[in-house]
Amino acid sequence: MRKTVLLLLAAALLLAGCGGNKSTEDVTSLEFRKNGEVIHTIVEDFSASYYSLDELEAQVQEQVDAYNESAGSNRISVDSAEVTDGVITMVMTFRGAEDYSSFYRQALFCGTVLEAFNAGYDLDIELVSAQEEGTTISRPDILEMGERHIIVVREPIVVKPYADILYASAGVEVTGSREAAVTDSQALSYIIFR
């Protein structure tokens, strides 16, 4: 029961985290590090009187501990959780995208284009250049970028890769050289970066 409550709360925080006219520091995001770690920052309204930070922290930590025990090592950590002016900011570190994907049961991949292809991701897509307006590439061009890195995600969230974004699929708004807002919650979104 608690896992269901936690997953529902986490899903609500995830799905609601990208709305409004907030700066990207004030929204839920995924930051990808070169060492493979994924930093998940959840930023969401937490002003309802029945919300309890202590209870949420305890539930999240319980689920993280269960995941880590099942994985046989510390794959996820809760780094911080605080409420300021009715807004919660919780930061979690995942050892890899596969841990995030398993923990939340949400599609997430970060690796090379070749690894994505070998993992079965459909690269028969069209991507738009983040640097040259109007320039697009398709499957043959994408496959030639085998050693470039790619993020594949299926949720509305701000994505921060560790290198400059080169191309992005429909449903992704590139908002900076190393930042993009994914708006499509139904289809897989793709971001290729250096």
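The values are calculated or read from the model by the stated rules, or taken from the named source; none is laboratory data. Everything numeric here is computed off the predicted structure, so don't read it as measured data. A quick note on method: Cβ atoms are made from the backbone with ideal geometry, for glycine too, and the neighbour counts reach across all protein chains shown. All accessible areas refer to the heavy atoms of the entire protein, side chains included, with ligands and DNA or RNA removed. Shrake-Rupley method; radii C 1.70, N 1.55, O 1.52, S 1.80 Å.
In a residue-by-residue description of segment 9-16, the property of being open to solvent by less than 80 Å² (accessible area, probe 1.4 Å), over 30 Å from F193 (Cα atoms), at pLDDT 95 or above and among the hydrophobic types (A, V, I, L, M, F, W, C) applies to no position.
Among the candidates V158, V152, V174, the residue that is assigned to a strand (DSSP E or B), in contact (Cβ under 8 Å) with a residue 40 or more places away in the chain, β-branched (V, I, T) and open to solvent by 30 Å² or more (accessible area, probe 1.4 Å) is uniquely V174. The residues in segment 100-129 that are open to solvent by less than 40 Å² (accessible area, probe 1.4 Å) and small (G, A, S) can be counted, and the count is 5. Give segment 25-65 a look and list any residue that's surrounded by fewer than 16 Cβ atoms within 10 Å (Cβ to Cβ), closer than 30 Å to T112 by Cβ and at pLDDT below 95, or say none. E25 - this is the single residue of segment 25-65 that is surrounded by fewer than 16 Cβ atoms within 10 Å (Cβ to Cβ), closer than 30 Å to T112 by Cβ and at pLDDT below 95. Within segment 117-129, residues that are under 11 Å from S169 (Cα atoms) reach partners that are exposed (fewer than 14 other Cβ atoms within 10 Å of the Cβ) with beta carbons closer than 6 Å, at six or more positions or on different chains, in the pairs E126/T136; E126/S138; V128/T136; S129/T135. The set of residues in segment 181-194 that are open to solvent by less than 30 Å² (accessible area, probe 1.4 Å) and closer than 21 Å to D124 by Cβ comprises V182, S189, Y190, I191, I192, F193.
Do any helices (runs of 4 or more DSSP H) lying entirely in segment 76-149 carry at least 2 residues that are closer than 14 Å to I191 by Cα and not aromatic (F, W, Y), and which ones are they? Reasoning before the result, please.
Values: elements: 97-104, 113-118, 139-144.
Where helices (runs of 4 or more DSSP H) fall fully within segment 76-149 and carry at least 2 residues being closer than 14 Å to I191 by Cα and not aromatic (F, W, Y), they are 113-118, 139-144.
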